Amino acid sequence: MTDRSTVSHLLRRLTLGPTAAEVDAAVRAGVTATVEKALAPIGATVPIPDPGSFRPGKDGRQDARRQATEATWWWVSRMAAAPGAAEKLAFFWHGHWATSVRKVRSAALMLAQHRTLRQYGGGGTGPLVRAMLRDPALILWLDGQRNTRKAPNENLARELMELFTLGVGAYTEDDVKAGARVLTGWRAARTATTATLVPARHDPGPVTLLGHTGTLDTDSYADLLVRHPAHLPYLARRLWIRYGSGTSPDAATTAQLTSVPDRTTTGMLRALVGAEAFAATNGTLVKQPVEWMVGAVRQLGLDLGALPENKRGPIVGGLRALGQIPFRPPSVGGWPVGAAWLTTSSAQARLRSGQALAALAPEAVEKLDGAARGERVDALARMLVVDAWSDRTRAVLTAGAAEPRRLLALGLATPEYTVH
């Protein structure tokens, strides 16, 4: 049998909130089998809503807003229903290639991008970078459709190297200018889920880019990026910050993550949870609001797919109050990490959301009510997959144990649940 805290930590990091039953199964199966089972769905085909059905109608922007809300609800419901690592990885890539529907103004394009991130996100990054450079949502988001041979726009080339593939310091301003020239000519429209290259708008001339001189196209540019010595270490750092400790890994951990034989993201995740430094990260990573909300929904046993539209307010409104809504990152840099989510206002929002979720989860409340009053705080820890309460938190929860619904709301707002 495997130590419960070990697999709890593992599942909390790989997935969007394990349930007590999933932890029980992991204890019986052991660490290796648990990791493989969690990673197995990555890359599997998922029935995503048809992007074509999300094209705005005669009401224009009002239709676009409504369809964006529908797409968001579909994904949040999917996150809450799926137990493996695939949803969290899709959310990682969404924050990494951060693209917002507020500027794209098309749920169809956001869903098409989402499908790309799922399809390629678990493998090597070459196919993913190639596909994203043709992604209409990203092109619109970073003004790629304005990048022409007569008026080069550097936004996409700059963010491509700085935020998506290499990191600051691995490229020069001349590389940005050359990359922009290579990417000239791509045109995207909100009415089509594929981008097209317009030869008359493209600059086909030779460039010097990342140490290579010659004629490059979009694919050969992508290949230069993923072969660059800064690429895998940069991705390893991004993965560690979101799955590990919230801070950059040390050199030894980076080397362990980048030395995986297959050079895939799935392989790097496998190496991440097996790294020597991983165990010490328990209790150091602040949950992003989506992680917090989806985990709570899963652990309280809520079925969002069956939730009537008039009862979705605690989920949608809660995410809005907490400051994180899928398909709406605040900038091309994505969402913040760590202490940025631990403000006084966010603590109050978590408490309010916890109260609203508890009101939607009578069965979870009844389960706590069925435990002896003196055992309810420990029963709550099991339900929320919290390893242990601090003395201070236990005292607060014990004082509220007479009211199971209030106890549940308090538990969701505790530091032990917020930081995992």
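Quick notes on this one:
- Some residue of region 212-224 being among the aromatic types (Phe, Trp, Tyr), crowded, with 17+ Cβ neighbours inside 10 Å, in a helix (DSSP H, G or I) and touching a residue at least 40 places away in the same chain (Cβ under 8 Å): yes
- Residues within region 154-192 that are part of a loop (DSSP other than H, G, I, E, B) and either among the β-branched types (Val, Ile, Thr) or over 22 Å from the mean Cα position of the chain (by Cα) (or both), tallied: 14
- Residue selected from region 380-420 under the condition assigned to a helix (DSSP H, G or I), among the small types (Gly, Ala, Ser) and in contact with a helix residue (DSSP H, G or I) (Cβ under 6 Å, 6 or more places away or on another chain), by the criterion surrounded by the fewest Cβ atoms within 10 Å (Cβ to Cβ): ALA409
- For region 143-160, a residue qualifies if it is surrounded by fewer than 24 Cβ atoms within 10 Å (Cβ to Cβ) and either under 13 Å from GLN113 (Cβ atoms) or in contact (Cβ under 8 Å) with a residue 60 or more places away in the chain (or both), and exactly one does: GLU159.
- When region 371-402 is filtered for residues that are touching a Pro at 6+ places or on another chain (Cβ under 7 Å) and not basic (Lys, Arg), the ones remaining, listed by number, are VAL385, THR393.
- Residue list for region 156-203, filter: more than 18 Å from LEU216 (Cα to Cα) and aliphatic (A, V, I, L, M): LEU163, LEU166, VAL168, ALA170, ALA188, ALA189, ALA192, ALA195
- Within region 54-93, considering residues that are touching a residue at least 24 places away in the same chain (Cβ under 8 Å) and among the polar types (S, T, N, Q), the one farthest from ARG242 (Cα to Cα): GLN67
Results for (1) crowded, with 19+ Cβ neighbours inside 10 Å; (2) over 22 Å from PRO326 (Cα atoms); (3) touching an Asp or Glu at 6+ places or on another chain (Cβ under 9 Å); (4) not aliphatic (A, V, I, L, M), shown as yes or no for each residue.
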site: THR253; (1), (2), (3), (4): yes, yes, yes, yes
site: GLY274; (1), (2), (3), (4): no, yes, no, yes
site: THR281; (1), (2), (3), (4): yes, yes, no, yes
site: PRO289; (1), (2), (3), (4): yes, no, no, yes
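- For region 281-291, taking the residues that are within 20 Å of LEU380 (Cβ to Cβ) and touching a strand residue (DSSP E or B) at 6+ places or on another chain (Cβ under 9 Å), the one that is modelled with the lowest pLDDT is identified as GLY283.
- Pairs where the first residue, in region 331-342, is closer than 16 Å to THR284 by Cβ and the second is at pLDDT below 95, C-beta under 6 Å, 6+ apart: VAL337/GLY246; GLY338/GLY246
- The set of residues from region 172-192 being touching a Ser or Thr at 6+ places or on another chain (Cβ under 9 Å) and either among the hydroxyl-bearing types (Ser, Thr, Tyr) or surrounded by 13 or more Cβ atoms within 10 Å (Cβ to Cβ) (or both) comprises ASP175, ALA178, VAL182, LEU183, THR184, GLY185, TRP186, ARG187, ALA188, ALA189, ARG190, THR191.
- If you filter region 318-348 down to residues that are in a helix (DSSP H, G or I) and in contact with a Lys or Arg (Cβ under 9 Å, 6 or more places away or on another chain), you find that the one that is nearest to LEU163 (Cα to Cα) is TRP341.
The values are calculated or read from the model by the stated rules, or taken from the named source; none is laboratory data. Everything numeric here is computed off the predicted structure, so don't read it as measured data. Ideal geometry is used to build each Cβ from the backbone, glycine not excepted, and the neighbour counts take in all protein chains shown.
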